[in-house]
Amino acid sequence: TSGLVRIGAVTGAGLELILPLIRDMRITHPEIEFDVMVETSDVLADALLAQRIDFYLGRMLPGAPARDITAMPIGAEPIALIVRKDHPLLRKADLTLKDTLAHDWVMQAPGGLLRRAVEAYLLRHDLPPPSRILSTSSLLLTLGIISDTNVVAPVARSVADVLVSANRLNGDVRVLNVARDMAVDPY
């Protein structure tokens, strides 16, 4: 009923599950202080094992000591491809995933879970990975690049939903209507 709770979450789970939980808990249990770390699953797993967080919503990583961890599957994390509101792809009537590959992309560094999911999805659909990629795990940098260029960025669909909302962030981000079934493994 009081004290500090240190939570870790991947971005999608943070927005979909942790944020509403904290909103409710601030009313019902105002004595609880929350410290929320939003990161990739590998960083969260390291933080949990080092006891810097109490639990996290993310993916179990191979090699994690199973006897020290309790895991419960929660759900898949759908991916959306976002662009700025005036992006040329938004004017294309018969847009395909292949069309997006003519543009630069911004996404996680090689080996990141979201990036691996995107690359695997492209391969399953007989498409190569994007030829020009800026790698970053920073959502803020991604948004800065999107606002000034014609890049395409894969993000968790829950993140895209927040960014597209007309009442938030001026609605300057749009979701491309392609690859609606792309997702990262369940967290």
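When the dipole is taken about the Cα centre of the range 1-102, and only Lys, Arg (+1) and Asp, Glu (-1) are charged at their Cβ, what size is it in debye, to the nearest 20? Walk me through the intermediate numbers first.
Values: 11 positive and 14 negative charges, 79 e Å.
Roughly 380 debye, rounded to the nearest 20.
Calculate, for S165 and H29, the FRET efficiency according to 1/(1 + (r/R0)^6) with r their C-beta to C-beta distance and R0 30 Å; round to the nearest 0.05. The calculated FRET efficiency here is 0.60.
Dipole magnitude for the chain: computed about the Cα centre from +1 point charges on Lys and Arg Cβ and -1 point charges on Asp and Glu Cβ, it is near 420 debye.
Computed with every protein chain present, the accessible area of K92 is close to 80 Å² [probe 1.4 Å].
At a temperature of 10 °C and a viscosity of 1.306 mPa s, determine how fast the range 1-101 diffuses translationally according to Stokes-Einstein, using the Kirkwood radius over alpha-carbon pairs as Rh; express D in µm²/s, rounded to the nearest whole number. Could the numbers behind the result be given before it?
Working: Rh = 16.3 Å.
Diffusion coefficient, whole number: 98 µm²/s.
Between L97 and D46, the simple spin-label model (points 7 angstrom out along Cα→Cβ) gives 3.1 nm.
Within the range 1-141, what whole-number % of the accessible surface is contributed by carbon and sulfur, with the 1.4 Å probe and all protein chains included in the calculation?
Details: 4650 of 8340 Å².
Solvent-exposed carbon and sulfur of the range 1-141 make up 56 percent of the total.
Which residue, chosen from A80, V38, T1, occupies the Cα position most advanced towards the positive end of the dipole of the range 1-110, where the dipole is computed from +1 (Lys, Arg) and -1 (Asp, Glu) charges on Cβ about the Cα centre? Positive-most Cα among the choices belongs to A80.
Dividing the summed helix terms, -39500 (n - 2.57) for each DSSP H run of n ≥ 4, by the number of residues in the chain produces a 222 nm estimate of -8000 deg cm²/dmol to the nearest 500.
Taken along the Cα-to-beta-carbon direction at a fixed 7 Å, the label points for M37 and I74 span 1.5 nm. Using a ≥ b ≥ c from the Cα gyration tensor of the range 90-187 (square roots of the eigenvalues), is it rounded, prolate or oblate, where a/c under 1.5 gives rounded and otherwise the larger of a/b and b/c decides, a/b for prolate? Cα axes put the range 90-187 in the rounded bin. Residue ranking by accessible heavy-atom surface, 1.4 Å probe, largest first, among S41, S135 comes out as S135, S41. List the GluC sites (Glu not before Pro) within the range 1-97 that fall in a DSSP loop (any state other than H, G, I, E or B) and whose Cβ has at most 10 other Cβ atoms within 10 Å. For GluC sites (Glu not before Pro) across the range 1-97 that sit outside H, G, I, E and B with at most 10 neighbouring Cβ atoms in 10 Å, the list reads E31.
Viscosity 1.002 mPa s, temperature 20 °C: what is the translational diffusion coefficient of the chain from Stokes-Einstein with a Kirkwood Rh over Cα pairs, rounded to a whole number of µm²/s?
Details: Rh = 17.7 Å.
Roughly 121 µm²/s, to the nearest whole number.
Each of I79, I22 has its accessible area taken with a 1.4 Å probe; listed largest first, they run I22, I79.
The values are calculated or read from the model by the stated rules, or taken from the named source; none is laboratory data. Values in this document were obtained by computation on a predicted structure and should not be read as measured data. All Cβ positions, even for glycine, are placed from backbone atoms using ideal geometry, and neighbour counts span all protein chains on display. These area figures cover heavy atoms from the full protein model, side chains too; ligands, DNA and RNA do not enter into them. Shrake-Rupley method; radii C 1.70, N 1.55, O 1.52, S 1.80 Å.
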